[in-house]
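The values are calculated or read from the model by the stated rules, or taken from the named source; none is laboratory data. As the structure is a computational prediction, the values presented were derived from the model and not from experiment. Virtual Cβ from ideal backbone geometry, glycine too; neighbours counted across all protein chains shown.
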Amino acid sequence: MPPDPADRSAIGRGARSIPTGRFEKIRCEVDVEHLSEDDALAPRRLATEFLPDVAQSIVSENDSPDIPFRYSINPYRGCEHGCAYCYARPTHEYLGLSGGLDFETKIFVKHQAPQLLREWLMRGGGGGERVTMSGVTDCYQPVERELQITRRCLEVLAEAGQAVTIVTKNALVARDIDLLAPLAARRLIQVRISLTTLDAELARSMEPRTSTPAAKLRAIRQLVDAGIPTGILMAPIIPGLTDSQIPQVLEAAHQAGAQSASYTMLRLPGVVESVFLQWLESERPRDASRILAGVKAVRGGKLYDARFGKRMKGEGPVAEQIRATFKVFARKYGLHQPLAALDEGQFEPPEKDPRQKRLF
């Protein structure tokens, strides 16, 4: 019998397959009967497609009680980083696409994001209450180097005196120090870099198109040296895989100059579970049973618990051990305090962009 094409590795990708979206009535199966076994097993190189997103708004409002921000900006839908554990993968299913390989190879680009943001701020925005960039997908994923949509959004936010936090896994954030440093001088910016592991080989496999751990640490140093409040997120901690690295990650973050640290526990909502399990069987088969046992240990015997207040940190003895370890070493390295508070009182609605032409 020909092998399952879902078992083939896609080179440089976190997902291994294209699972059918939960809202789709038709399921597509690849017919490999006409292929030789070697062809069916051959690794695939999948190109990334960038598609225009015609969204009519750019700022999302959140009311989840365990997420520490109300407003967020996401210039891109889908994410090139391709992290096998990414909790945002199910969002692609609302577009009729897969949370597997589609999520990391079909990226929707909001080219009009800076203008939509300006219009939102002109209407009063959130009254100066901080906004978060990358509430869902990463605003500094690789294509940002060319498109500079995030950078142009930051220019609009600076013009309005709007407080902003940035969360990213990409050292590309350091490119915009010329914008971030003046914002920091006005107490309008915080940056958090997600540092999951120091193991470069694991990072390249698990989060294949993010910056390397070493590059993230260099970016932290650059940001801090420029006076920009910068912390790390160990996001996610994977029980049985990365929890043992907590002391080393926090020490490295401290040495790089980070000023604060926090973490989230691995979350496997919807299609993320199948994507992560396929990655685990492909990349860590010998450790899979131990890792899954660890995940279940912090989720009441299940692979995921969606309850507010539990989903971010887990519960039970193993979760408590992780919490205690993180707390001890965060305090040891001076990372237990939050970043300096933002000043949300400087907001003033911006003027209309003079570069925008009138229709009539």
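Among the residues of the range 152-163, how many are free of Cβ contacts under 8 Å to residues at least 40 places away in the same chain and surrounded by 20 or more Cβ atoms within 10 Å (Cβ to Cβ)?
Within the range 152-163, residues that are free of Cβ contacts under 8 Å to residues at least 40 places away in the same chain and surrounded by 20 or more Cβ atoms within 10 Å (Cβ to Cβ) number 1.
Please determine whether any residue of the range 284-294 is assigned to a loop (DSSP other than H, G, I, E, B), among the basic types (Lys, Arg) and without any contact (Cβ under 8 Å) to a residue 24 or more places away in the chain.
Checked the range 284-294: at least one residue is assigned to a loop (DSSP other than H, G, I, E, B), among the basic types (Lys, Arg) and without any contact (Cβ under 8 Å) to a residue 24 or more places away in the chain.
Has the range 93-107 got any residue that is modelled with pLDDT under 95, within 19 Å of the chain's Cα centre (by Cα), closer than 28 Å to GLU344 by Cα and not hydrophobic (A, V, I, L, M, F, W, C)?
No, every residue in the range 93-107 fails to be modelled with pLDDT under 95, within 19 Å of the chain's Cα centre (by Cα), closer than 28 Å to GLU344 by Cα and not hydrophobic (A, V, I, L, M, F, W, C).
Restricting attention to the range 121-131, which residues are closer than 12 Å to SER72 by Cβ and either over 24 Å from the mean Cα position of the chain (by Cα) or of a type in the set (D, E, K, R) (or both)?
Hits for the range 121-131 are GLU129, ARG130.
Please verify whether LYS216 is of a type in the set (Lys, Arg) and closer than 19 Å to ALA171 by Cα, treating the condition exactly as stated.
Yes.
Which condition number does ARG77 fail, the rest of (1) modelled with pLDDT of 95 or more; (2) surrounded by fewer than 22 Cβ atoms within 10 Å (Cβ to Cβ); (3) of a type outside the set (Val, Ile, Thr); (4) closer than 21 Å to LEU157 by Cα being met?
(2)
Could you list, in sequence order, the residues of the range 88-130 that are part of a helix (DSSP H, G or I) and over 28 Å from GLU273 (Cβ atoms)?
Passing the criteria: ALA113, PRO114, GLN115, LEU116, LEU117, ARG118, GLU119, TRP120, LEU121, MET122.
In the range 312-341, which residue that is farther than 14 Å from TYR263 by Cβ and small (Gly, Ala, Ser) is surrounded by the fewest Cβ atoms within 10 Å (Cβ to Cβ)?
Going through the qualifying residues, I end up with ALA341.
Name the pairs: first residue in the range 197-216 and in a loop (DSSP other than H, G, I, E, B), second residue surrounded by 19 or more Cβ atoms within 10 Å (Cβ to Cβ) and modelled with pLDDT under 95, Cβ to Cβ under 8 Å, at least 6 apart or on different chains?
GLU207/GLY14; PRO208/ARG13; PRO208/GLY14
For the condition among the small types (Gly, Ala, Ser) and buried (at least 20 other Cβ atoms within 10 Å of the Cβ), what is the one hit in ALA258, ALA288, ALA297?
ALA258
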